[in-house]
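Written out below as structure tokens is the structure these notes cover.
The values are calculated or read from the model by the stated rules, or taken from the named source; none is laboratory data. Here the structure is a predicted model, which means the values were calculated and not measured. No Cβ is skipped: glycine too gets one built from the backbone with ideal geometry, and neighbour counts run over all protein chains shown.
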Amino acid sequence: MKRYGLTFLWFATTTFTLFLTLSFYTNISNQPNISFRPTIIGNTTNAITSHAILPQVLGSFTYKVKSNDAIPEIVKKYLEKYDSPLLPYSNYLVKVARDYSMDPRLLIAIAQQESNLCKKIPEGTYNCWGWGIHSQGTLGFDNYKQAIDTVTKGISQNYLGKGLITPTEIMAIYTPLSDGSWAKGVQQFLDEMN
């Protein structure tokens, strides 16, 4: 008996709800000049809107964030975190790298791998990248800007320009005697800056 009562109640409620919905829609369709979409007449907008359909937004604005916008700040914060002598040159490094269509984070990752971000370099060389350091001597630069210019141009032309883009591909020429740890280190530092 209880089962029949619940079934009857469900049908009655459903029928009543359906009747109310149809009455509402019939009533709306018989109303002149009511639309839930704006209709433009001249320079004015004439529409009835519901906050449930078009919520009112006060004081909002739109700004599209480009991923490149964050890179200078990421580089700066990374150099600051590790107290690198390159910190005052962070904007310059980003600019030069972008001039050569290079991700500046690659230069930072290589400097981290090679010299702990310029904290362990041959004295007076400004060579944070191990650029031109081999058994016959050490290449030195007059200052960090010259080093950034030379190394960025060299990596761009001799590695990236020849299709070597991953740390493993770069390692094969940059430091061919590495057992793979160089590429793993560079990749780890790149990942820290993402």
Which pairs have Cβ atoms under 6 Å, sit 6 or more apart or on different chains, and link a residue in the stretch 160-176 that is more than 21 Å from residue 115 (Cα to Cα) to one that is in a helix (DSSP H, G or I)? 164/170
How many residues does the stretch 67-91 hold that are in a helix (DSSP H, G or I) and surrounded by 15 or more Cβ atoms within 10 Å (Cβ to Cβ)? 10
Between 174, 144, which is modelled with pLDDT of 90 or more, under 27 Å from residue 69 (Cα atoms) and either among the aromatic types (Phe, Trp, Tyr) or not assigned by TED's automatic domain parsing to the domain that holds residue 108 (or both)? 144
Could you list, in sequence order, the residues of the stretch 97-119 that are charged (D, E, K, R), closer than 19 Å to residue 184 by Cβ and either outside any helix (DSSP H, G or I) or in contact with a Leu (Cβ under 7 Å, 6 or more places away or on another chain) (or both)? 103, 105
Among the residues listed as 122, 32, 38, 88, the single one being in the same structural domain as residue 162 (by TED's automatic domain parsing) and at pLDDT below 95: 122
